[in-house]
1. In the chain, what percent of the accessible surface is made up of carbon and sulfur (1.4 Å probe, ligands and nucleic acids excluded)?
2. What's the long-distance tail for region 1-116, i.e. % of Cα pairs beyond 23 Å?
3. Name the residue farthest towards the positive end of the dipole of region 74-408 from the options Val163, Asn81, Gly283, assuming +1 on Cβ of Lys and Arg, -1 on Cβ of Asp and Glu, about the Cα centre.
4. Using a Förster distance of 35 Å, how high is the FRET efficiency between Asp78 and Tyr145, based on the Cβ-Cβ distance and rounded to 0.05?
5. Which value, in Å², gives the accessible area per residue of the chain when a 1.4 Å probe is used on the protein heavy atoms?
6. Probe 1.4 Å, all protein chains in place: accessible area of His307 in Å², nearest 10?
7. Only helical DSSP H runs with n ≥ 4 go in: add -39500 (n - 2.57) per run for the chain, normalise by residue count and round the 222 nm mean residue ellipticity to 500 deg cm²/dmol.
8. Find how many whole Å separate the alpha carbon centroid of region 327-387 from the alpha carbon centroid of region 75-118.
Amino acid sequence: MSKSAEIIIEGKKYDLPVIEGTEGEKALDISKLRAQSGYITLDYGFKNTGSTTSKITFLNGEEGILRYRGYSIEDLCDKSNFLEVAYLLIYGKLPTAEEYDQWIYDIKMHTMVHEDIKRILEGFPSNAHPMGVLSSLITSLTAFYPESLDPNRSIDGVKLSIVRLLAKLPTMAAWAYKNEVGHPVNYPDNTLDYVSNFLKMMFALPAEKHEVDPVISNALDTLLILHADHEQNCSTSTVRMVGSSHASLYTSISAGVNALWGPLHGGANQAVIEMLDNIKKDGGDVEKYIKKAKDKNDPFRLMGFGHRVYKNFDPRAKIIKKHADEVLAKLGVEDPVLEIAKKLEETALKDEYFIERKLFPNVDFYSGIIYRAMGIPTEMFTVMFAMGRLPGWISQWLEMRENNEPIGRPRQIYTGENVRDYVEMSKR
Ligand code: CMC
């Protein structure tokens, strides 16, 4: 028997259906409440509001659990690789050997981008932030593949857009960086795996022989898996919202890149290193910054600490921390900024303010550190996050379209002026 909950508003009783997930999560279905009672619900930042039901990612913030399609993040990082995880997220199952080979082949066959995209890239000033360049280049794909704009496209057509996006994003991301530093762009090398190809396009110079370090490419592959999906976060909700108007996959993903850019979301990995750099320049006094973060009159927050849903150690942060230690040891990196990071982590974890509020280092705290050790420039950190999150955005967009979800359109409570007469300019 289906469950329901009773709610009493102004003495009148209403029955709200209870929706239960496969992991026992419960929700009140309020979709008919306004029609029945005239009331809507209000929830700034959607802290307690589900926007959809989803079969993709399960997350339990209290217990620190993260699973893609039922597989634990720990298992996937240990046994799988980024492109297999991308297949899993998008198609809902692990590929057979044949499906996997075809998937890798298809992606390799689309790594090149149209030469005219290079000309668009050259039009950007060299100080353009690579996230802005990336989102623009993704939108520009609609001009090269106009059939992608047809909202009634067949699923095969959408599959081609998916492959193109996964294949071309590393090329466009590496090119955004090359444009910034004024180096010639590198073309993809399909003899390499996905991550090594990206690293070569990022770092190779025509004047020198380039070998990709497997320590770096393996660690980066794991980082991409860790970022691959995180249910209805800000950028994913943006992708679903934009897609709900039947905007194309490319335009929806480009919107997701822009949402990710903000320092409270994916941009935090860049903000972490900038904060650590500032602390170093200011004499390395970690206590002073902990004090600032706790001061309610100071807007400063410890970047890389806290999370909307994890009120326990972020399971992704645990995995990255292990990799960060390994990479730093193997590469023999000695960096005073990393020393400050360690000190900050230790001090904050012992501080009552952070303990009480369950503020732990999040994925962006360690990813910033590891990217820096790999030699990835700070302004490219959020681009790395976007590369990782791409399969998640795609799978969430597909799920929303396959479920034929309605256009996203929240309500509001109006708190402005009541009706008033227009005042002529001369009388104001
Ligand atoms: N430094 C100092 N105080 C903090 C911090 C922080 N980083 N994060 C939260 N707090 C305090 C906040 O002031 C509030 O205190 P009080 O209850 O006394 O008013 C309490 O902790 C709860 O914070 P909140 O802002 O209500 O929590 P939220 O769920 O709305 O925000 C957050 C989550 C991630 C935006 C926030 O923790 C934050 O701004 N962190 C720094 C930015 C960051 O690292 N973002 C990356 C998130 S992980 C990557 C991703 O998934 O995008």
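The values are calculated or read from the model by the stated rules, or taken from the named source; none is laboratory data. Nothing here was measured: the structure is a model prediction, and the numbers come from that model. A quick note on method: Cβ atoms are made from the backbone with ideal geometry, for glycine too, and the neighbour counts reach across all protein chains shown. For accessibility, only protein heavy atoms count, side chains too; no ligands or nucleic acids. Shrake-Rupley method; radii C 1.70, N 1.55, O 1.52, S 1.80 Å.
1. 52 percent
2. In whole percent, the long-distance tail amounts to 55.
3. Gly283
4. Efficiency, rounded to the nearest 0.05: 0.45.
5. Normalised by residue count, the accessible surface of the chain is 52 Å².
6. Looks like 50 Å² after rounding.
7. -16500 deg cm²/dmol
8. The two parts, judged by their Cα centres, are 29 Å apart.
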